[in-house]
Amino acid sequence: MSGESPFLTELEQRQLLSVARDAVQAAVNDTICEIVEPLGNLARKCGVFVTLHRDEELRGCLGRFEPEDIPVLELVAIMAREAALNDGRFLPVSPGEIPELDIEISVLTPMIRVRDLDEIQVGRHGLYIIGKSPFGSQRHGTLLPQVGAEQGWDRQTFLEQTCRKAGLSIHAWKSPDTEIYTYEAEVFGEKALGLWPPCSGNS
C-alpha cells in the first residue's frame, strides 16, 4: 500500500500464495483444499482479489471487497478457486495449465468515496465505480491499483477504463449520479517472491 508499511510479512505473503495455489489445484482437480487455522495477520478481515496470469496474459481475476467476517487466509482460498473456475470472461482453468499460472494477490483497504477527482492517484489507488447504464440498470466495476500503473494511464483514462469495465459509457464518471470510490492494495505475487515457476525445484 503506497505510503504505508505493509501489514503482511514476507512469510505471510508466501503463505497466502501457497494457499492460493493449493486452492487452484484442488478446484481444478475437484479435490479438497485443507486450510490451516489462520493466526496473526492472516486472521484479519479484509477484501481480497486473486489474479491468475498465464504467459503474461490475464487468465482470471476475481475478488471481494467485503470479507463478510472471513479471515484473509480463507478468503484467498475462496477467491483463488473462483478465479480459476468462475471468471465469466474465460474458460475454467484446466489441469495442464496449473504449472504455467503465475498467481498474484491484492489485499485491499476499505473503500473511500471520492469527493474531488484530484484525490485519485494512479498507481496508488484502485477505482470502484457505480453508475447507471443507458438502459437505466445499475452497473458497477473495478480496476485494481496496479492496472493503471502497468498501463501507464493518466487519471482520466483510468476513470474511463473503469467505466468501460463496469459496462458504462466511458464518460459516465462525469455524471453526478455516478459514485466513485478509491481503495489501496498490498500487492504481491509468485514471480516477485521467487516462487515461480512452481516446478523449478531447488534450482
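The values are calculated or read from the model by the stated rules, or taken from the named source; none is laboratory data. In this text, all values refer to a predicted model and were calculated from it rather than measured experimentally. Cβ coordinates were reconstructed from backbone atoms using ideal geometry, including for glycine residues, and neighbour counts include every protein chain displayed.
Out of region 116-146, which residues are among the hydrophobic types (A, V, I, L, M, F, W, C) and at pLDDT 95 or above?
Of everything in region 116-146, those that are among the hydrophobic types (A, V, I, L, M, F, W, C) and at pLDDT 95 or above turn out to be 117, 120, 122, 127, 129, 130, 143, 144.
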Candidates 64, 113 - the one that is at pLDDT 95 or above, of a type in the set (D, E, K, R) and over 22 Å from residue 157 (Cβ atoms): 64
Complete set of residues in region 165-196 that are out of contact with any strand residue (DSSP E or B) (no Cβ under 7 Å at 6 or more places or on another chain) and either in a loop (DSSP other than H, G, I, E, B) or closer than 22 Å to residue 87 by Cα (or both): 169, 170, 171, 176, 192, 193, 194, 195
Evaluation of residue 101 against (1) without any contact (Cβ under 8 Å) to a residue 24 or more places away in the chain; (2) in contact with a Leu (Cβ under 7 Å, 6 or more places away or on another chain); (3) aliphatic (A, V, I, L, M) (one fails), failing number: (1)
Pair list, Cβ < 8 Å and 6+ apart or interchain, from region 121-140 residues that are in contact (Cβ under 8 Å) with a residue 60 or more places away in the chain to residues that are part of a loop (DSSP other than H, G, I, E, B): 121/2; 123/2; 124/2; 124/3; 124/184; 128/65; 128/111
Options 103, 170: the member that is out of contact with any Ser or Thr (no Cβ under 7 Å at 6 or more places or on another chain), at pLDDT 95 or above and closer than 30 Å to residue 198 by Cβ: 103
Residue within region 81-91 that is more than 29 Å from residue 27 (Cβ to Cβ), over 14 Å from the mean Cα position of the chain (by Cα) and of a type in the set (A, V, I, L, M, F, W, C) present: no
Candidates 91, 58, 75 - the one that is in a strand (DSSP E or B) and at pLDDT 95 or above: 58
Residue identified as in contact with a Ser or Thr (Cβ under 8 Å, 6 or more places away or on another chain) and part of a helix (DSSP H, G or I) among 157, 162: 162
Residue list for region 97-147, restricted to those being over 20 Å from residue 191 (Cα atoms) and part of a helix (DSSP H, G or I): 117, 118, 119
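Could you identify the single residue in 29, 41 that is over 24 Å from residue 150 (Cβ atoms) and either within 13 Å of the chain's Cα centre (by Cα) or surrounded by fewer than 17 Cβ atoms within 10 Å (Cβ to Cβ) (or both)?
After applying the criteria, what remains is 29.
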Residue within region 67-77 that is farther than 17 Å from residue 14 by Cα and surrounded by 16 or more Cβ atoms within 10 Å (Cβ to Cβ) present: yes
One residue from 52, 8, 17 being part of a loop (DSSP other than H, G, I, E, B) and closer than 19 Å to residue 194 by Cα: 8
